[in-house]
1. Scan segment 35-53 for residues that are under 29 Å from the mean Cα position of the chain (by Cα) and within 30 Å of E106 (Cα to Cα) and jot them down.
2. Report, by residue number, each residue of segment 62-82 that is within 29 Å of the chain's Cα centre (by Cα) and surrounded by fewer than 14 Cβ atoms within 10 Å (Cβ to Cβ).
3. State the number of residues belonging to segment 209-243 that are assigned to a helix (DSSP H, G or I), under 17 Å from P185 (Cβ atoms) and of a type in the set (S, T, N, Q).
4. Return yes or no: is L91 touching a residue at least 60 places away in the same chain (Cβ under 8 Å) and in the same structural domain as N16 (by TED's automatic domain parsing)?
5. Can you name every residue in segment 1-21 that is surrounded by 21 or more Cβ atoms within 10 Å (Cβ to Cβ) and more than 19 Å from D122 (Cα to Cα)?
6. Go through segment 169-208 residue by residue and tally those that are part of a loop (DSSP other than H, G, I, E, B) and either without any contact (Cβ under 8 Å) to a residue 40 or more places away in the chain or over 41 Å from the mean Cα position of the chain (by Cα) (or both).
7. Take the residues in segment 98-119 that are in a loop (DSSP other than H, G, I, E, B) and in contact with a strand residue (DSSP E or B) (Cβ under 6 Å, 6 or more places away or on another chain), then tell me which one is modelled with the lowest pLDDT.
Amino acid sequence: MTVPAVILSHPQMGENIGAAARAMKNFGLSDLRLIAPKCEWPNDRAQMLASGAADILNDAVLYADAAGALADVQLVLATTARGRDVARDILTPQEAARRLRQASQEGLKTAILFGGERAGLDNDEISLCDALITIPTAPLPQVKETELKAGSLNLGQAVLLLGYEWLKSADTTPPSRTRPSIAVPAAREDLVGLFEHLERELDAGGFFFPAAKKEAMVRNIRAMILRSNLTDQQARTIRGMIVALVKNKYRGENKS
């Protein structure tokens, strides 16, 4: 299965290229293509921000224009904050990842095209794309009474978000899981010792009142503790807590 190429058109800052490479590394992407970067290349700032993704930067290929960068691509999706009045499907990041994943599984070469920090993609670049991706953002404060200005993401952030959606589209991690425990369940002997210890101190403190209900109260307390499925360490910890509470009680009485 092929993975999408990440194509950055006219990136202006080495830092953003480095951040994009780092995001790619985290989410299993490796094919970085740069269209006529505005910054010098290779770029020291890009290397600093890549943080472990230097191989992606070193293997990045430079192109003079979008047509060259997309020459071998069979499905290309472009990120943009607006449709630019071009008749194209506009996808959410999740749907874009689904389409990219499906095409990749069919053996097609795919790519995500990102515009430069200042101007984004031009209409000629968008005309080469199969569909557009718009990342939902909260509207910025009103600039006019009836107009809301759309928010925009940093280039590295946009690559991060699309990379995450790409990886997630094939992720089988359950939505919720409990870390496996290596603790040993408390033996019945330990639980009986806990019951008797707790009940003895509760009795001494006058908890079981009225006396006629003591047996029922004891059964309820034991059932409550059993439902907790205590480990041996937890049972010992609770007994230590009881000892500390009783010791502090008598210490307070002696002071008075």
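1. The answer is A53, and nothing else.
2. Once the filter is applied, which keeps residues that are within 29 Å of the chain's Cα centre (by Cα) and surrounded by fewer than 14 Cβ atoms within 10 Å (Cβ to Cβ), segment 62-82 yields only R82.
3. Number satisfying all stated conditions: 3.
4. Answer is no for this residue.
5. Answer for segment 1-21, where residues must be surrounded by 21 or more Cβ atoms within 10 Å (Cβ to Cβ) and more than 19 Å from D122 (Cα to Cα): P4, A5, G14, N16, I17, G18, A19, A20, A21.
6. Summing the residues that are part of a loop (DSSP other than H, G, I, E, B) and either without any contact (Cβ under 8 Å) to a residue 40 or more places away in the chain or over 41 Å from the mean Cα position of the chain (by Cα) (or both) in segment 169-208 gives 15.
7. By that ranking, first place goes to G115.
The values are calculated or read from the model by the stated rules, or taken from the named source; none is laboratory data. These figures come from a predicted structure and were not determined experimentally. No Cβ is skipped: glycine too gets one built from the backbone with ideal geometry, and neighbour counts run over all protein chains shown.
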